[in-house]
C-alpha cells in the first residue's frame with residue numbers, strides 16, 4: 001500500500017504549480033500598448049508643435065487606454081496622405097484641399113497617377129490657414145483686382161500658395177501675364193523682397209499669427225488685403241473645402257480692422273484601418289482637454305468644437321463619429 005503524500009510535499013507541488021502558471025497568467029492578462037504615429041511637418045512650422053500637443057494629450061490617459069502616440073516631422077500634407085495610404089503613418093496633419101485631392105485623385109499628376117484614396121478618413125479640423133495677401137502701402141493695392149499690372153509673388157512651384165493662387169486667378173480669367181512680374185519666391189524670402197521694394201505684394205497660405213507677415217508689416221509700411229467679392233464667392237462655391245476665414249484686426253501693424261478671406265483648414269486624418277477605439281481615444285483626448293490644447297499654440301486660440309468639424313471632404317472615421325455623437329456635435 002502506498003503511503004499518502006505528506007502535507008508539506010503537497011503544499012510544495014501546489015506552490016510550484018502556481019509559480020509556473022503565474023508568468024503565463026500575467027502575460028495573458030497584460031494589455032499590450034498600441035503604438036500610433038502622427039505625421040506633421042517641418043520642425044519650424046505649426047504642424048510639428050501642434051502634433052506634439054495632440055500626442056501629449058493622448059498620453060495623459062495612456063494608463064487607461066494603452067495608446068502611445070508619437071510625432072514624426074515630415075514633408076507635411078502631401079507626404080502625410082501618401083504615407084497613410086502606404087501604411088507608413090497612422091495619422092497625419094493635412095490641409096483640407098490636399099485631403100480633397102488625395103481622396104479624389106485630382107489636383108496634381110501625383111494624385112492622378114495614384115488614383116482616388118477611398119480609405120482616407122477625417123478625425124477633426126484644426127486652425128484655418130488663411131489665404132493672405134500682403135501689400136506695400138505705396139502699391140495702392142486695396143482689393144485683389146488691384147494686383148493686375150503689379151509685381152506679385154505668386155508662390156514657389158508645387159506649394160499650396162501657388163496652387164491656391166492659380167485656382168483663384170482662373171475665376172478672374174487671369175494668367176501670370178497679367179502681372180508686371182510673377183515671382184516664385186519661397187516663404188522665407190517674401191517679407192525681405194516686399195520691404196526691399198522688389199515686389200509689390202505676396203500671397204501666403206498660412207496660420208496666424210505668422211512671423212514672416214509680422215516681419216513684413218513691422219519692417220516696412222504694408223497691410224493685409226481682404227479677399228471678397230463676386231469672384232471669390234464663386235470660387236468658394238466651387239471649392240467648398242476652402243472655408244471662409246477671418247484674420248483678427250490689430251494682429252499686424254498697418255491692419256487695424258479684421259480681414260475677411262478664405263483658406264484651407266489644417267485637418268487631422270487617418271486611414272480607415274486605424275482601429276475605431278484608437279481614433280475615438282485620440283479625438284476624445286483633444287476635445288475633452290480643448291482649453292489646454294488651445295493654449296499650446298497661438299494658431300489654436302480661437303478654435304471651437306463645432307468649428308473643428310468643418311472643412312473635411314472625406315467621411316469621418318467611425319471612432320471620431322462615435323465621439324462627436326456622444327458629445328452632441330453630430
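The values are calculated or read from the model by the stated rules, or taken from the named source; none is laboratory data. Since this is a predicted model, take the numbers as computed values, not measurements. Neighbour counts are summed over all protein chains in view; Cβ atoms, including those assigned to glycine, are modelled from backbone coordinates with ideal geometry.
Quick rundown of the values:
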read-out: Among residues of region 208-233, those that are surrounded by fewer than 20 Cβ atoms within 10 Å (Cβ to Cβ) and within 25 Å of the chain's Cα centre (by Cα), counted; value: 8
read-out: Which listed residue is within 25 Å of residue 311 (Cβ to Cβ), touching a strand residue (DSSP E or B) at 6+ places or on another chain (Cβ under 7 Å) and free of Cβ contacts under 8 Å to residues at least 12 places away in the same chain, from 160, 207, 249, 230; value: 249
read-out: Any chance residue 70 is part of a loop (DSSP other than H, G, I, E, B) and closer than 23 Å to residue 300 by Cα; value: no
read-out: Single condition residue 205 does not satisfy, out of (1) crowded, with 18+ Cβ neighbours inside 10 Å; (2) under 23 Å from the mean Cα position of the chain (by Cα); (3) assigned to a loop (DSSP other than H, G, I, E, B); value: (3)
read-out: Enumeration of residues in region 208-225 that are at pLDDT 95 or above and assigned to a loop (DSSP other than H, G, I, E, B); value: 220, 221
read-out: The one condition in (1) within 26 Å of residue 290 (Cβ to Cβ); (2) buried (at least 16 other Cβ atoms within 10 Å of the Cβ); (3) more than 15 Å from the chain's Cα centre (by Cα) that residue 97 fails to fulfil; value: (3)
read-out: Residue identified as touching a residue at least 12 places away in the same chain (Cβ under 8 Å), assigned by TED's automatic domain parsing to the domain that holds residue 294, closer than 30 Å to residue 168 by Cα and in contact with a strand residue (DSSP E or B) (Cβ under 8 Å, 6 or more places away or on another chain) among 98, 104, 70, 40; value: 40
read-out: Residue that is surrounded by fewer than 13 Cβ atoms within 10 Å (Cβ to Cβ), within 17 Å of residue 286 (Cα to Cα) and modelled with pLDDT of 90 or more, where the choices are 70, 64; value: 64
read-out: Number of the condition not met by residue 182 [criteria: (1) farther than 14 Å from residue 136 by Cβ; (2) in a loop (DSSP other than H, G, I, E, B); (3) over 27 Å from the mean Cα position of the chain (by Cα)]; value: (2)
read-out: Single unsatisfied condition, residue 106 versus (1) buried (at least 16 other Cβ atoms within 10 Å of the Cβ); (2) within 18 Å of residue 314 (Cα to Cα); value: (1)
read-out: Single residue of region 192-202 satisfying the filter (part of a helix (DSSP H, G or I) and touching a strand residue (DSSP E or B) at 6+ places or on another chain (Cβ under 7 Å)) that is surrounded by the most Cβ atoms within 10 Å (Cβ to Cβ); value: 194
read-out: Residue within region 160-167 that is under 30 Å from residue 279 (Cα atoms) and surrounded by 16 or more Cβ atoms within 10 Å (Cβ to Cβ) present; value: yes
